[in-house]
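Colleague: Before we start, here is the structure in question, set down as C-alpha cells.
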Amino acid sequence: MTFFPMLVNTTAGLAAAGAMERDLMETYAAGHTQTLLKLRLPAALPFIFNALKINSTLALIGAIVAEFFGTPIVGMGFRISTEVGRMNVDMVWAEIAVAAIAGSLFYGLLAMLERGMTFWHPSYRD
C-alpha cells in the first residue's frame, strides 16, 4: 500500500537534480557514489519526505482496515466493528478521533523533521 508512492516519489526526486549540477559534479571528477550522496539524495529529500508524509497516513488507514477484516480480538478496526454491532456510536467516534489525532501527529512529526533536514530548500527560504 505504501511501496509505490514511496517508489514514485523517490525516483522523481533522484531525477530532480539538474543537468548543469550533474555536469558540475563530473567536472569535479566526482564518482557515482559522491554524486549520489552529495547531489542526488539531497535533491531528492523533499520528494522523499513528501512520500513519507503520504505514507504515514496511508499506513495508519491500512492497519485499521486490516484489523477491521482480519483480526479476531484486538486492534482499532476490530473495536470499531464490534462497537458498531453494539450500536455504541460514541466509542466508534472516539476510535475515529484517536486515529485522526495519531495520523495528524505522525504527519506533523514528519513535517518538522523535513523542515529540519531541508532548511536549504527554496520552499523554506524567507
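Colleague: In contact with a Pro (Cβ under 9 Å, 6 or more places away or on another chain), on the phi < 0 side of the Ramachandran plot and at pLDDT below 90: does that describe Phe78?
Modeller: Criteria met by Phe78.
Colleague: Which residue out of Ile73, Ile96 is at pLDDT below 90 and hydrophobic (A, V, I, L, M, F, W, C)?
Modeller: Criteria check complete, one pass: Ile73.
Colleague: Filter the stretch 38-54 down to the residues that are touching a helix residue (DSSP H, G or I) at 6+ places or on another chain (Cβ under 6 Å) and more than 14 Å from Leu113 (Cα to Cα), then identify the one that is surrounded by the fewest Cβ atoms within 10 Å (Cβ to Cβ).
Modeller: Among residues in the stretch 38-54 that are touching a helix residue (DSSP H, G or I) at 6+ places or on another chain (Cβ under 6 Å) and more than 14 Å from Leu113 (Cα to Cα), the one surrounded by the fewest Cβ atoms within 10 Å (Cβ to Cβ) is Ile54.
Colleague: Out of the helices (runs of 4 or more DSSP H) lying entirely within the stretch 10-81, which hold 1 or more residues that are closer than 23 Å to Ala111 by Cβ?
Modeller: Passing ranges, in order: 41-70.
Colleague: Name the single residue that is nearest to Ile101 (Cα to Cα) among those in the stretch 59-74 being in contact (Cβ under 8 Å) with a residue 24 or more places away in the chain and either of a type in the set (S, T, N, Q) or surrounded by 16 or more Cβ atoms within 10 Å (Cβ to Cβ) (or both).
Modeller: If we take residues in the stretch 59-74 being in contact (Cβ under 8 Å) with a residue 24 or more places away in the chain and either of a type in the set (S, T, N, Q) or surrounded by 16 or more Cβ atoms within 10 Å (Cβ to Cβ) (or both), then Leu60 is nearest to Ile101 (Cα to Cα).
Colleague: Going by what's in this entry, would Ile101 be described as farther than 30 Å from Pro122 by Cβ, hydrophobic (A, V, I, L, M, F, W, C) and either touching a strand residue (DSSP E or B) at 6+ places or on another chain (Cβ under 6 Å) or surrounded by fewer than 17 Cβ atoms within 10 Å (Cβ to Cβ) (or both)?
Modeller: yes
Colleague: Looking at Gly77, Gly13, which one is in contact with a Phe, Trp or Tyr (Cβ under 7 Å, 6 or more places away or on another chain), surrounded by 14 or more Cβ atoms within 10 Å (Cβ to Cβ) and closer than 22 Å to Gly116 by Cα?
Modeller: That would be Gly13, the only listed residue that is in contact with a Phe, Trp or Tyr (Cβ under 7 Å, 6 or more places away or on another chain), surrounded by 14 or more Cβ atoms within 10 Å (Cβ to Cβ) and closer than 22 Å to Gly116 by Cα.
The values are calculated or read from the model by the stated rules, or taken from the named source; none is laboratory data. Note that the structure is a prediction, hence the values are computed from the model and not measured. When we count neighbours, we look across all protein chains shown, and the Cβ atoms used for this are built from the backbone with ideal geometry, even at glycine.
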